[in-house]
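J.: Encoded as structure tokens, here's the structure I'll be asking about.
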Amino acid sequence: MLQPAAVLAAPMIPRINDHELEAILAAAKEAGATAAAYILLRLPYEVKALMADWLAVHFPDRAEHVLSLLTQQRQGALNDSRFGRRQTGTGQHAELLAQRFRLAARKLGLNQGRDYGLDVTQFKPPPRVGDQLGLF
């Protein structure tokens, strides 16, 4: 039986590698992936300065623009730790990336249901610790 495989396109960096999203998904599909996801670059704490320096060295012509796009997608910051937003960001550029991802995934047949043959009826939540101690 084939095991399910997925691809995680991460980190997606505006104007650096985000243009490769569709090609990444297509290559993953060709290699057997059935599911995909992506994560927008986050720059928490000291990583911000490290990334700014890296951009200045390797992409001096667009470093400022990349950082600007990232802050636009993080409501004025380079990091947003809120679950759900930290992976995908907010704003026009983030929504465009999300739309491109959804369209490519649908076109390639990725994320079309995830029936892996697991019998979830056998799952029973473990007892709460308080139940074991007679607290509830």
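We did not get these values from a lab; they are worked out from the coordinates using the rules stated. Quick caveat, the model's predicted, so the values are computed rather than measured.
J.: Report the extension gain between His65 and Ala5 in nm, rounded to one decimal, defined as 0.36 nm multiplied by the number of residues separating them, less their alpha carbon distance.
T.: 18.1 nm
J.: Please list the non-local residues whose amide H lies under 5 Å from the amide H of Val7, H modeled 1.01 Å from N, same-chain partners needing a gap of 5 or more.
T.: Ala35, Ala36, Ala37
J.: Leu40's amide H: which non-local residues (gap 5+, or another chain) put their own amide H closer than 5 Å, with H modeled 1.01 Å from N in plane and none for Pro or chain starts?
T.: Counting only residues 5 or more places away or on other chains, the set is Met12, Thr88.
J.: What value does the chain have for Rg/Rh, both radii from Cα atoms and Rh as Kirkwood defines it? Mind showing how you got there, number by number?
T.: Details: Rg = 19.8 Å, Rh = 17.5 Å.
For the chain, the value is 1.13.
J.: Further, regarding this structure: Straight distance only, please: which lysines reach the Cα of Lys107 with their own Cα at less than 27 Å, same-chain residues fewer than 8 apart left out?
T.: Partners within reach: Lys29.
J.: Another question about this same structure. Could you grab the relative contact order for the chain? Cα pairs under 8 Å, six or more apart, rounded to a whole percent. Intermediate values should be presented prior to the final figure.
T.: Numbers: 134 pairs, mean separation 35.4, N = 136.
It comes to 26 percent, rounded to a whole number.
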